[in-house]
Structures are given as structure tokens and as C-alpha cells.
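This report concerns only the one structure given below.
The values are calculated or read from the model by the stated rules, or taken from the named source; none is laboratory data. As the structure is a computational prediction, the values presented were derived from the model and not from experiment. Here Cβ is always computed from backbone atoms with ideal geometry, including for glycine, and neighbour counts include all displayed protein chains.
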Amino acid sequence: MQVVCSGWRVVKTAGPSCESKITHQLVAFVHDHQGPTRMTARLACLAAILTLVLLFPAGAAAVPPNIVLIYADDLGYGDVGCYGATRVRTPNIDRLAREGLRLTDAHASASTCTPSRYALLTGEYAWRRKGTSVLPGDAALIIEPGRETLPAMLKRAGHATGIVGKWHLGLGAGSIDWNGAIKPGPLEIGFDESFIMAATGDRVPCVFIQGHHVAGLDPRDPIRISYGQPIGDEPTGAANPDRLKVKPSHDQTIVNGISRIGFMAGGKAARWVDEDMADVYTREAVAFIERHAAAPFFLEFATHDVHVPRVPHPRFAGTSGCGVRGDVIQELDWCVGQVLDTLDRLELADRTLVLFTSDNGPVVDDGYADGAVRDLGGHRPAGPLRGGKYSLFEGGTRVPFLVRWPGRVRPGVSNALVNQVDLLASLALLCGQTLRAGSAPDSFDVLPALLGDSRTGRDHSVHHSGRLALREGSWKYIPAGSGQAVLTNTATETGEAPVDQLYDLAQDLGETTNVAAQHPERVNAMAARLKSIRAAGRSRP
């Protein structure tokens, strides 16, 4: 905002303590312009200016910043240095923490990828919608075009919007023709540009999709995909274990020496090389920033790392001393560094809000015998937390969450409770946008917490891992269930138990002591609240 009065101009920017700074400017101005007549007139004008400044909507930026969301995959609370890791080196992620705000009680909306990504983009808990669990690579789009989404809202606010990396929210409206226009997809729900994989690195199709088309596809070699019966004559891991460079439990079509989930034929010229994936995605992310440096932009950079298959580029292989999983964490850190360096090179850092987080907690053994468990060497992916990916315990959803905006977000640490589902409502406020009626039903405005202006976030948060759990302040309630206590394939503690569980995280962050029997009134109250949230269809005030 800019106001001019008798040759004196006040400019309100999005920097820290704008009102305080402008007040000091006004006092200095009055001091420098003594004299009865001039002072009276100018004081009246300056009082009007100060009123306008103070009435400017709280939280809204006069000029919306660029926004870069770096969304890691399967990165745990204890996987990076700024959250306590000592066996792996993450200097660029640690730089974000050093120069910004480190949130210690921030959560993905679910303990697996598809529901977390759905909630982040729509502002709605995924468990409210059928068909939002982990998707196969040929699933239809699960976000209906036309609804309010994070990129659509930011596009309305004037941002160029792009996504690079993992998608895993479905494509098309039914059976997909991978050789033609693949839509609806990211471009139909608010993104201007997209360069993505359809699902995950361990699922077919193993190709990149740019806009509506497979990148680099030779039309003479059409792609066919099946998640049922084998197709074509491509070798599979089950029948050809001697052709594999990574031993599997996923054992269907082999691509680049790695067997995948699902069957694929054709598209050989377009197939990715796993070792180059981080470089390809980072190059695309940097190029997007360069193309849109002159105007506000929003980039979701959704990395493949540290999801399986973990196949780092040779320059990272063996560098961590903590096995292949440690190597891809360091590869992820390099990706972050390239983005930060680009913002510095283009002199965009002070105008860019950078958010770094993960879609769910960590998993070590997840479909490939890559030695990750054997080579941990004392590294604790979830840090002090119990559980991980696929778990109702804190390790399933409590993830790293860093916020950097030089000159606006003061460096520090906050224990405010926030959830990734809150980004839609919070960034809408930041960018001066009003959400449509009925949209983002679970997205809370926690902008003051994200910007470090308040240490108070949500008063509660629903955690999702097949079933639901509830956080209320420092209390964690997990209803009684009948599922597996430990997943055999991943050795993950799920949080399932035949009795209600209640933990006071302020005293017992590792969820080791169930105090439900000592606090029956709290258990009953939290059970009733969880039931009410589920039935209400929304939780946002």
C-alpha cells in the first residue's frame, strides 16, 4: 500500500512490524517539520495516513510474495539436522531453519501420501471422501475440476502456478490413453504448468508428464499400462530376478533394472532413469522460477526423494555413511539448495515465502531390499517419536516444517500446532483472498503461527492412518481398534490396540505410557469431539 500526502509518501510493505516502522517514520517527520501552521496541517494528514495503515487487513501482504512449497516424500521428523539428525548432513535444509521458523508440532494430514496431498491442495481432510486412499498409477483424478484448491486460489490472487514432481492424485476421468491428451489433471485444478510423475517411483507408468502429454514419447512405441494382468513381453522381477539391480518385494515390470508395481509396455524413449530423477525435477523447478521471476508465482516442488526405490545419482551414492536412505536424504538436501541458490541469484529471496515439509512420516523398509534397515547405523528417522508412515502414533504425521521469508519471518522455533490442511485458508488470508462458501472445510487460518507472530495454532487436529486419532492441545487420543499392532512388511507400529489410548505429549512425547485409565472424562470428551468432527462434514469455524 502506498499513500502520498503533501509530497510525503508512506509505503507499507510486507516486512516485519510495518506499523511500528511507519509510526517511527511519522514521528521523525513531525520532529523535522516544526512550525505551527505547517505542523498542524501535516499532523492531520499524517494521522489519516496512520489510520489507513492500521486499518490495512491484518496478515494480508500489500504485495503477495512468491511462494515455494518444497514437499518431500517420506521424510521423517528426525531425518534432518535441524531436527536432531547427526548421521546425515542436510546443510541447505538446516539453512532454512536457521534463517526462518522451525515448527516442532506440525503435521501432515495423514500418514500416507495420497490423502496428505489431497488435503493440502483442497483444505479438506481426505477421510471425508471415498477413493482418497493410496492410489494406483492409473487412477482417475480425485480432485474435481472447478472446486477451490490452493493453486486455484493463488492463481486468482495473481500468481503463476506450477507443480514439479510427484502427483499421486490421479489423472483423467476413467481409462487413460497415455499416448494422447491426459486430462483432467493438475492444469484443470489450478496449476498453469506441470511436470510430474503420475503416482510414485515404484509404480508404473515410469514416465514424466508435461502438461497433458508424456514427455519424450515416441508415437511409434505406444504406452500400455495394467494393474491387473501382465501385458506385452516386458520382463518382470518375479521371473527375472537376475536382471535386477535392487532386490524387490515389488516384482512386476522391470524398468531401469528395478521391478515396479504394475505392468508396463512401450514408451521406452520416454522412460525415466531413476538416478537422474532428482536432477530432472530440480532443473524443471529452477526453470519455472526463472520464467516467472518478474511476477508473483507459486511453485509446488514435490520431490521423489526419499521414497522408494532409493536410487541416488552416483555423485550422492555412498556419501552419507548411513546407507542408501541417508544418501537420498542428502540428495534431497541438494535439491533444496539449488532452489535457494536460484532465489538468491535472481534476487528473489526477500520476496519469497519458502515452506518445507513432508507428506508423512518415515519408513525404512518399504518394498525393496536396499539395505536401509541394516545401514541405519544409529540414525533415528522419526527422532524421539513413536511410529512412522502408516501409523496413528505421532511419527506418522508429525513432520519437519520450516518457514522462511527474510525480513518478515523472524528466525526461531515454535511449538504451535498446525496441519498442512491449513495452508489453503492461511495463504488465502496472506494474499487477500476470500475462500468460496463451503470450500476448504477443514482448513484453519493459522497464518500468525506460520509467520511466527503467534505461538498459538490450532486447538485440535485430526490424524488419519486408515482410522482417526485426535490431538487436543498436548493430549493425544487413539480410539480402540482391532488392526495389526505392527505391520509385518515395514515393521511399523501402527498405533492399533484393543483399548482406548491417551497420551500427554507434554510429558511423554514418545507415547510410551497410556494414561486413559487415569483420565476417563478426557477420553470421553475427546471421543465425543472426534465423533462430532466426523459427522459435521467440516471443522473450520
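Limited to the stretch 348-392, what total is found for residues that are part of a loop (DSSP other than H, G, I, E, B), among the aliphatic types (A, V, I, L, M) and in contact with a helix residue (DSSP H, G or I) (Cβ under 9 Å, 6 or more places away or on another chain)?
7
Sort out which residues of the stretch 224-256 are part of a helix (DSSP H, G or I) and either assigned by TED's automatic domain parsing to the domain that holds ASP365 or within 31 Å of the chain's Cα centre (by Cα) (or both), and write them in order of number.
Across the stretch 224-256, there are no qualifying residues.
If you check PRO541, PRO441, which single one turns out to be assigned to a loop (DSSP other than H, G, I, E, B), under 24 Å from the mean Cα position of the chain (by Cα) and modelled with pLDDT under 95?
The conditions single out PRO541.
Taking the stretch 58-86, which residues are buried (at least 19 other Cβ atoms within 10 Å of the Cβ) and assigned to a loop (DSSP other than H, G, I, E, B)?
ALA61, PRO64, PRO65, ASP73, ASP74, LEU75, GLY76, TYR77, GLY78, ASP79, VAL80, ALA85
On the given criteria, is THR132 buried (at least 23 other Cβ atoms within 10 Å of the Cβ), under 14 Å from the mean Cα position of the chain (by Cα) and farther than 18 Å from GLY165 by Cβ?
Judged against the criteria, THR132 is not a match.
Can you tell me which residue in the stretch 267-316 is surrounded by the fewest Cβ atoms within 10 Å (Cβ to Cβ), limited to those that are β-branched (Val, Ile, Thr) and under 17 Å from VAL164 (Cα atoms)?
Only one residue tops the list, namely VAL273.
For the stretch 152-221, list the strands (runs of 3 or more DSSP E) that sit wholly inside it and hold at least 1 residues that are farther than 20 Å from GLY123 by Cα, out of contact with any His (no Cβ under 6 Å at 6 or more places or on another chain) and of a type in the set (D, E, K, R); which are they?
193-197
Matching residues to (1) buried (at least 18 other Cβ atoms within 10 Å of the Cβ); (2) among the hydroxyl-bearing types (Ser, Thr, Tyr); (3) in the same structural domain as ALA372 (by TED's automatic domain parsing):
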| position | (1), (2), (3) |
| --- | --- |
| SER465 | yes, yes, no |
| PRO479 | yes, no, no |
| GLY483 | no, no, no |
| GLY495 | yes, no, no |
| ASP508 | no, no, no |
| THR512 | no, yes, no |
| GLN518 | no, no, no |
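Can you tell me which residues in the stretch 385-399 are of a type in the set (Ser, Thr, Tyr) and farther than 8 Å from ASN360 by Cα?
Scanning the stretch 385-399 gives TYR390, SER391.
Quick one: count up the residues across the stretch 347-372 that are over 17 Å from ARG95 (Cβ atoms) and free of Cβ contacts under 8 Å to residues at least 60 places away in the same chain.
So the count comes out to 2.
Among (1) surrounded by 22 or more Cβ atoms within 10 Å (Cβ to Cβ); (2) over 30 Å from VAL134 (Cβ atoms); (3) not hydroxyl-bearing (Ser, Thr, Tyr), where does ASP327 come up short?
Against the list (1) surrounded by 22 or more Cβ atoms within 10 Å (Cβ to Cβ); (2) over 30 Å from VAL134 (Cβ atoms); (3) not hydroxyl-bearing (Ser, Thr, Tyr), ASP327 comes up short only on (2).
Taking the options GLU290, GLU284, name whichever one is touching a residue at least 12 places away in the same chain (Cβ under 8 Å), out of contact with any strand residue (DSSP E or B) (no Cβ under 7 Å at 6 or more places or on another chain), outside any loop (DSSP other than H, G, I, E, B) and closer than 20 Å to THR342 by Cα.
None of the others qualify; the one that does is GLU290.
Scan the stretch 98-132 residue by residue and report those that are without any contact (Cβ under 8 Å) to a residue 24 or more places away in the chain and polar (S, T, N, Q).
The one that is without any contact (Cβ under 8 Å) to a residue 24 or more places away in the chain and polar (S, T, N, Q): THR132.
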